[in-house]
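Here the structure is laid out as structure tokens; the discussion comes afterwards.
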Ligand code: ADP
Ligand code: MG
């Protein structure tokens, strides 16, 4: 039923006609990202998901730019998961951002700005945790490479940051 490790996942880097800018406090999610999957995701509140995210946006994996509010923080590459995480059968839609940078500590409560710029793939179900982890690692690598394209680098220079 789900995607297994041997299935090939097709990935794109379709630029969004209208990039989506969201900002808000980083809140606690389900606590699965870092512990189970090895990929921490900074979650936005339910209020932002329900009231600021265009409801028409397809669930899936996106790429973009993110910035925390701190003085020494810069605009960083980001991979964003939008949807219900079918593997975990969530009932509430979530917007989760993995920033492609190592942080020494958690940053719950900090203000984060996010510009969603491109679409990578639809939300998929996986037949096991290994397949899910592999797919996420490949999403991160894909986003890291694709964000170096000038069409995406240009989108990093935005007054919203
Ligand atoms: P939760 O379910 O509470 O979101 P996660 O396991 O997904 O828990 O971890 C997310 C938290 O990890 C973020 O809220 C943030 O404080 C921290 N974190 C550390 N490094 C990163 C990173 N590179 N990208 C996103 N979050 C990170
Ligand atoms: Mg998370």
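The values are calculated or read from the model by the stated rules, or taken from the named source; none is laboratory data. Just so it is clear, the model here is predicted, and its values are computed rather than measured. Note that each Cβ is placed from the backbone with ideal geometry, even for glycine, and that neighbours are counted across all protein chains shown.
Laid out as a table, the results:
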read-out: Single unsatisfied condition, residue 148 versus (1) within 16 Å of ligand 2 (Cβ to nearest atom); (2) part of a loop (DSSP other than H, G, I, E, B); (3) modelled with pLDDT of 95 or more; value: (1)
read-out: Near pairs, Cβ below 6 angstrom, 6+ apart or cross-chain, from region 89-111 (free of Cβ contacts under 8 Å to residues at least 40 places away in the same chain) to any residue that is outside any loop (DSSP other than H, G, I, E, B); value: 101/76
read-out: Residue 73 more than 25 Å from residue 129 (Cα to Cα) and either more than 10 Å from ligand 1 (Cβ to nearest atom) or surrounded by fewer than 20 Cβ atoms within 10 Å (Cβ to Cβ) (or both); value: yes
read-out: Search result, residues across region 78-90 that are more than 10 Å from ligand 1 (Cβ to nearest atom) and in contact with a helix residue (DSSP H, G or I) (Cβ under 8 Å, 6 or more places away or on another chain); value: 87
read-out: All strands (runs of 3 or more DSSP E) inside region 42-142 with 1 or more residues being within 16 Å of ligand 2 (Cβ to nearest atom) and over 22 Å from residue 157 (Cβ atoms); value: 60-68, 76-83, 94-99
read-out: Hits in region 10-36 - residues which are at pLDDT below 95, within 16 Å of ligand 2 (Cβ to nearest atom) and more than 16 Å from residue 90 (Cα to Cα); value: 34, 35
read-out: Selection from region 51-68 of residues that are away from ligand 1 (no atom under 16 Å from the Cβ), touching a residue at least 40 places away in the same chain (Cβ under 8 Å) and farther than 21 Å from residue 125 by Cβ; value: 53
read-out: Lone qualifier among 35, 28 - being within 19 Å of residue 136 (Cβ to Cβ) and surrounded by fewer than 17 Cβ atoms within 10 Å (Cβ to Cβ); value: 35
read-out: Of all residues in region 16-33 being within 14 Å of ligand 1 (Cβ to nearest atom) and in a strand (DSSP E or B), the one that is farthest from residue 155 (Cα to Cα); value: 27
read-out: Condition met for residue 123 (more than 13 Å from residue 13 (Cβ to Cβ) and touching a helix residue (DSSP H, G or I) at 6+ places or on another chain (Cβ under 7 Å)); value: yes
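Results for (1) within 21 Å of residue 24 (Cβ to Cβ); (2) in contact with a helix residue (DSSP H, G or I) (Cβ under 8 Å, 6 or more places away or on another chain); (3) crowded, with 19+ Cβ neighbours inside 10 Å, shown as yes or no for each residue.
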residue: 57; (1), (2), (3): yes, no, no
residue: 92; (1), (2), (3): yes, yes, no
residue: 99; (1), (2), (3): yes, no, yes
residue: 112; (1), (2), (3): yes, no, yes
residue: 129; (1), (2), (3): no, yes, no
residue: 135; (1), (2), (3): no, no, yes
residue: 149; (1), (2), (3): no, no, no
